[in-house]
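Read the structure below first, then the notes.
The values are calculated or read from the model by the stated rules, or taken from the named source; none is laboratory data. These figures come from a predicted structure and were not determined experimentally. Backbone-built Cβ (ideal geometry, glycine too); neighbour counts: all protein chains shown. When the accessible area is computed, the model is the full protein with side chains, heavy atoms only, and any ligands, DNA or RNA have been set aside. Shrake-Rupley method; radii C 1.70, N 1.55, O 1.52, S 1.80 Å.
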Amino acid sequence: MTGPADLPPSWAPVLAPVLASDQARSLGGWLQAEEEAGKVVYPPRGCRLRALELTPLDTVRVVILGQDPYHGPGQAHGLCFSVPQGVPPPPSLKNIFKEMESDLGLPRPDHGSLEKWAQQGVLLLNNTLTVQQGMAGSHAGKGWEAITDACVAAVAERAEPTVFILWGSHAQGKASRIAALRDSDRHLSLKSPHPSPLSAHRGFFGSRPFSQTNAFLEKNGRGSIEWRL
């Protein structure tokens, strides 16, 4: 786990209370025990707060919510849906690129790293920030949710209009728990099915999240995201 001293400065004040909770301390002890028992946990230590490191709170313009990290070797590096340079894009990410091409006319990139988005204020946040190798959802309900809920709430409570891109019922359910987001009319929530091959054809394709995001940001004086990778 981590403490406030390990957090990027802009996130530390808003996350300090939840990190001091019994739930967070329990998560830290549980993660340590899992790794000491020889279980492989992704992403590796040092990458688990990468989304917060690349996207300081005061720079957030867009939030994309994922469920949990990729659970295959070398895939997860702390940003939802993203994989490091040189790692083939997984199916959901391929569908995201397919929709980006359709929406904006941009070529599909030859890599799967979304760090360029994060550096422009796109918070790529998973609901749980770790996972056991080969076991999707294995770290759900262990305490990460309180921390990532606090991240989303901190963004939603800011005055700056922000876009929340909610792909799938899991992300939409998380957003519905955040009172500051649920009750706000200054933000834009874009909802569609998940880009997974199992659901993308039920409304993800054709949802045009990228152009809608930029239209909203530009209307509210927040510039636009260069989605080209």
key: Residue among 129, 93 that is open to solvent by less than 10 Å² (accessible area, probe 1.4 Å) and of a type outside the set (Gly, Ala, Ser)   = 93
ask   = Does residue 204 satisfy the criteria of being touching a strand residue (DSSP E or B) at 6+ places or on another chain (Cβ under 7 Å), more than 30 Å from residue 28 (Cβ to Cβ) and buried (at least 18 other Cβ atoms within 10 Å of the Cβ)?
value = yes
ask   = Of all the residues that make up region 208-228, how many are out of contact with any Asp or Glu (no Cβ under 7 Å at 6 or more places or on another chain) and among the polar types (S, T, N, Q)?
value = 4
inquiry  = Looking at region 78-85, can you tell me whether even one residue there is in contact with a strand residue (DSSP E or B) (Cβ under 6 Å, 6 or more places away or on another chain) and either on the phi > 0 side of the Ramachandran plot or open to solvent by 60 Å² or more (accessible area, probe 1.4 Å) (or both)?
reply    = yes
task = Among the numbered conditions (1) open to solvent by less than 60 Å² (accessible area, probe 1.4 Å); (2) touching a Lys or Arg at 6+ places or on another chain (Cβ under 9 Å); (3) without any contact (Cβ under 8 Å) to a residue 40 or more places away in the chain, tell me where residue 106 comes up short.
result = (3)
inquiry  = On the basis of being more than 25 Å from residue 19 (Cα to Cα), hydrophobic (A, V, I, L, M, F, W, C) and either buried (at least 19 other Cβ atoms within 10 Å of the Cβ) or touching a Cys at 6+ places or on another chain (Cβ under 9 Å) (or both), does residue 188 make the cut?
reply    = yes
